[in-house]
Structures are given as structure tokens and as C-alpha cells.
Amino acid sequence: MTIRYGDISALFTRHFGGLADVVTAAPGRVNLIGEHTDYNDGFVLPMGIDRHTMVAARRRNDGQVHLIAGDLGGATASFPVGSGPAAMATDGWTNYVRGMAALMPAHGVSISGADIAIAGDMPRGAGLSSSAALENAVGLAFAALDGQPDFDRALLARVGQQAEHAFAGCHCGIMDQLVSACAHPGHALLIDCRSLARQSVALPAGFEVMIVHSGVVRGLVDGEYNVRRAQCEMAARHFAVPALRDLDLAQLVGPWAAGLDAVSLRRARHVVSENARTLAMAKALTSGDMVQAGRLMAESHASMRDDFAITVPPVDALAVLLQEAIGEEGGARMTGGGFGGAVVAILPTDRVASVSAAVHAAYRTPSGQPATIMLASASGGVSCIAPD
Ligand code: GAF
């Protein structure tokens, strides 16, 4: 973590005076594979990363919440607990906090108001789930202020997802909030998004996770995201199953598929094949079969490009560039909701320098800059932090 307890508590003291009662930190995430499968009750394989959103909070007793966001140029906002969402155009970032303040009380957390400082070290628009991290960090801070620092983490994730739906208008699945809440240090998490069962998957020794930001800041993602979700739900209704999780590929080419439009069929094919790839990837990582892992990542990217239509040309170019530079062992694919953002690569440690050099030599962001490259290590989930 490059942001520390001292940074966030200093921001708190500068803005509000005095000391915070609690400090929390929640990681962003990178998804290794399993894209747009979560809201289809499927499987995902993300890990928490060593980039965080931190929150310092102190209880108030007047029903007001006051915010300062250190990494948004010191933007401030205030609202009464229980108020609705703000208009997105003005201070949309506050909606994640408003959502948690409005929804946590239904889960036994009493909120009488709070002063809250927020800061983080995550690049924005890179698809690393800074919003899920904010929801978790704020939600846990509210719980800790109410004497509940051990508030159930899976429930916290579900409240964050509800906040995203009701206050930010994105009908996301559970992956981002759940991994940011429950991540296991040094491991990825294979999550069954139907039962929420989680299994830790260690990354093989001698390999690194690299995240390369394409510089395409995600644009219409939320509108398009909701469209993809609706298409998947329509396809599930066509097949008369509760979710696309309940289908296999053979059913998509059989007579049952007749009458479903070609676009919805392609969306379904992505989800069904991606579920199988995600389970296969967990096995490949566990057994150290990194050739197979690379193959699965390449297939996942192609499926997101051709069947799910969520990649954009610069991201496609970056994924191919990385796949070629990495070679046979390991691979690369777009990660996250799509329409820009980052490519995730898994590569041998001794290839990090040459792969980084290849990206710097051959890729430019749409504004002509070299891509931002970071190595991520697998961090634990949201927690209360003590002074260092
Ligand atoms: C976004 C959503 F928030 C997740 O729920 C998930 O669907 C992801 O896109 C795509 O896999 O991050």
C-alpha cells in the first residue's frame, strides 16, 4: 500500500481538526478471469490488490455526514443520513457514501452522523474497482463507529452492491465488492456467485500479476453494462433457466436456441464459455500449468471481443502485444467491465522487464502517452487499520 495511516489521519486532522475514531482500508481488485459472469450466478477469479481506498471517520451526533476526498482535489460534500442519491453530474462520487449511509442501518448499524476523510492510491477509470473499495471502506467505518468492527464481510459486500444499484445506477454483480471485502493475502479467490462460496487459489511461484492501463477511460460503461445484463437475463428467460450459469455450450447450439436472436445468443455463449474457462483457470493455476492459463486468458479476451462486444481497439491491441511479449507461459486479457480500462497479464518474473519494455516501445494511449504499468500483489480484504 503506498497510502498510509499517517496520510489519511493527517488529511482528517487538517480538514476536521482533532483525531479520527477509526481508519479503514479496502483494496481494489483485478479480475484474472470470469468477466460478466457474476450477475449470471457464475464463477469469477479476482484478487484484492495492493492499492487501496482509505477512510478516516469520527462519529457525529447531529445526523449529518461531512466528506472530504483527498484524491479528488480536496472536494467536499455534506448530506443528512438517509438522504437519496445526488445528481451524478455534480458530485456523483458521494453517491457511494450516501448509499452506504442509507443502507447500513437496515443491517443493524446505527449511524448518527460522521466526519469522513477519503483518500486512495488507485488509478481512476482503470477498472480496478475504486468504487467497491470506497463502499467497503465507508461501510466498515460506519460499522466500526457503531462498535461493530467485525461486521460480516459478505453482508458488507451485498450492501455495497445494493448501494451501487440504487445510488449509482449500475446493476453490477457481486464480484468487486465481495473480493474487496473478503480477499485473501497472496491468493486469488474463486467465487461461486450463486452460493457466494469462496476458495483461495495460490498464484504459482515465479509468476507476477501485471496490470497495464490502456489509458482509455471507461466511458459509457454503465449504460452498456446494464444493456449486457439485460441481454443475459433475456437469454436465460428464453432457455427457461434461472440464470445462464445453468446452461452448457451444447444447449446453445441445439434446437432450444431457435428463436433467440443472434446477439443474445452470442452474449450467452460468452457467459457459458467464460464460466468453464474460469473453473479451468483455477485448476491451471493450482497445478502450475501456465501454458494452459495463457491459452484460457487469450480465449477469454477473444470471447469478450467477439461475443460480448465489450473491448475497444486499443485494449485489443494491448492484449495482443502483451500475449506476444509474454510467450507461452502465462497470458493477458482485458480485465473488468470493459469499454476501456486495463489489461491483466500473468507472466514469469524474469520476463517483467522485457514485457514492460515491449509495452513502452509499442503502445501509446489515445492521448499519446506510454501506458501505466503496475505489478500487483494479492492483498487481504477490507479492515480497520491501526497507526503504523
Ligand atoms: C464490473 C461489475 F461491477 C462487476 O460486478 C462485474 O460484472 C464486472 O464488471 C465484469 O466482470 O466490474
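Bear in mind that the values in this text are calculations on the coordinates, not laboratory data. Keep in mind that what you see is a predicted model, and the values were worked out from it rather than measured. Cβ atoms come from the backbone with ideal geometry, glycine included; neighbour counts cover every protein chain shown.
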(message) Could you compute how fast region 142-280 diffuses translationally, taking Rh as the Kirkwood radius over C-alpha pairs and applying Stokes-Einstein at 25 °C with viscosity 0.890 mPa s? Give it in µm² per second.
(response) 138
(message) Using a 7 Å offset from the Cα along the Cα-to-Cβ direction at both residue 256 and residue 358, what is the distance between the two label points in nm, to one decimal?
(response) 4.0
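For residue 248 and residue 83, what is the calculated FRET efficiency with R₀ set at 45 Å and r taken between the beta-carbons, to the nearest 0.05?
Once the sixth-power term is evaluated, E becomes 0.45.
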(request) Would you grab the residues whose amide H sits under 5 Å from the one on residue 187? Only those 5+ places off in sequence or on another chain, please, with H modelled 1.01 Å from N. (result) none
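What is the calculated FRET efficiency for residue 367 to residue 263, with r their C-beta to C-beta distance and R₀ = 30 Å, to the nearest 0.05? Walk me through the numbers before you get to the answer.
On the way: r = 32 Å, r/R0 = 1.07.
The value I calculate is 0.40.
Please compute one quarter of the surface area of the Cα convex hull for the chain and express it in square nanometres.
Details: hull surface 74.2 nm².
The number I arrive at for the chain is 18.5 nm².
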(message) I need the calculated FRET efficiency for the pair residue 195 and residue 61, taking r as the beta carbon distance and R₀ as 35 Å, to the nearest 0.05.
(response) 0.30
(request) With +1 on each Lys and Arg Cβ and -1 on each Asp and Glu Cβ, and nothing else charged, work out how big the dipole of region 254-314 is about its Cα centre, in Debye to the nearest 20. (result) 40
